[in-house]
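Quick notes on the structure that follows.
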Amino acid sequence: MILTFRLPNPDTVDDNDDWVIEGEIVIDWVKAP
Amino acid sequence: MNRNSWSKAGLWRLLPFLVASCNPGPPRPLDVVPNSFDENGYSKNPLWADQVAKGPGAVADAISCGPTGSAQDDPVNWTTGPHSCTHYPVTTNRGAVCGPHVNWFAVAYEGTITWQDHSGDDDDYNVELHRPDNALYTQDRTTGLLSEFDSDETIDHFETGWWQAFHAAVDQGNAAAAALIRDKPAIAIGLLGLDCAGHDAGHNTCGAELHPVYILAINIEPSDTRHDRWVFFARNRADEGYCSDAEEKLLPLSNTNDAIHEYRVLLGHGSARGAQVVSREVRIYGDGNSKPVGAEFEASSFQARA
């Protein structure tokens, strides 16, 4: 499973404009046959 | 002498200098030795050169080689002169009354996690990351790699279920917090550096850390069979606590001018050939008036390599 986080470029958004992604994910693994 | 022969002669004269500039000489104790690379291209689980020199499982001496006292604040003193610890052009970041943090670059670290404490000085949450090879450990802390994130920037604003429960556990006390994450598998991306904030005049007490932690994923319900439950957060700008004034940014290794920066974390599971999402609870928030276009979270199954 690949988690991809896309956040604003910190050099181009306002200095006080901080963005965060938080959470959880439950995964079912698919085993090799 | 015609132009061609001059060029060749000039090249031969320059060659020793070119070789010298490409070959910086023997490793210094706090050079970072790559081990592997993560999905973003960040060095993953690297070692200090001092660890490599001493052999498997050794911890690095981050005290003997560095400058002391106020000399620690000038990055040049870490790379030139009698106290050269590294070839890498480190930067420093200090607060008004303490410091400095001596910073290398962002690295990825995969191991297990334990709780340390909630700092009363700067509200940082302090955890330790552990690996059997002791990657990046230094002699001030031989049990793990200290890793810190500011609760004011992170968990104080979190609203998803597990993070709120963890926040409450931390407020209840160290034992409750420790029980929720003890020895769980974890992946972190953070700024590798030395915390020299606690040094006394004339003494070097620097120790390695990931600070700030930008991205953290913890498998809070690891399973040998089917389910895994991962919790995570990600940001790309953060402080280094009480003993720092400047923010430290996480930049990708390419496309740094793009409006949106992308970071990826690979969650593996033995011989699994793929994965599917059973449930997810994700929140994206910021201080701005509206979420920037393109700021998103995505979970996608990988296809195992043949």
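Throughout, read-outs are computed from the coordinates displayed, never taken from laboratory work. None of these values were measured; they are calculated from a predicted model. With ideal geometry, Cβ positions are generated from the backbone for all residues, glycine too; neighbour counts draw on all protein chains shown.
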Exercise for review: Assuming 0.692 mPa s and 37 °C, estimate D for the range B:62-172 with Stokes-Einstein, Rh taken as the Kirkwood radius over Cα pairs, in µm²/s.
Suggested key: 201 µm²/s
Point to revise | Cα point-scatterer Debye curve for the protein assembly as shown, base-10 log of I(q)/I(0) at q = 0.07, 0.09, 0.11, 0.14 Å⁻¹ | key: -0.32, -0.52, -0.76, -1.16
**Study point:** Loop-located trypsin sites (Lys or Arg not before Pro) in the range B:225-306, at most 10 other Cβ atoms within 10 Å (DSSP)
**Key:** B:ARG305
Exercise for review: Could you tell me how many degrees, from 0 to 90 and to the nearest 10, lie between the Cα long axis of helix B:161-172 and the main elongation axis, the longest principal axis, of the Cα atoms of chain B?
Suggested key: 80 degrees
Point to revise | chain B - mean residue ellipticity at 222 nm from DSSP helices (-39,500 (n - 2.57) per run, n ≥ 4, rounded to 500) | key: -5000 deg cm²/dmol
Practice item. Report Rg (one decimal) and Dmax (nearest whole number) for the range B:155-306, counting Cα atoms only, units Å. Key: 18.1, 57
Check your understanding: So how many Å³ per residue does the convex hull of the Cα atoms of the range B:25-249 work out to?
Key -> 125 Å³
Review point. Where in the range B:245-266 does the label zone of B:SER290 land, with the point 7 angstrom along Cα→C-beta and an amide N cut-off under 20 Å?
Key: B:259-261
Review point. So for the range B:121-164, what percent of the C-alpha to C-alpha distances run longer than 15 Å?
Key: 55 percent
Practice item. Return the long-range amide H neighbours of B:ALA106 (sequence gap of 5 or more, or a different chain), with a cut-off of under 5 Å between placed amide H atoms. Key: B:LEU192
Review point. What is the calculated FRET efficiency for B:ALA176 to B:THR80, with r their C-beta to C-beta distance and R₀ = 41 Å, to the nearest 0.05?
Key: 0.30
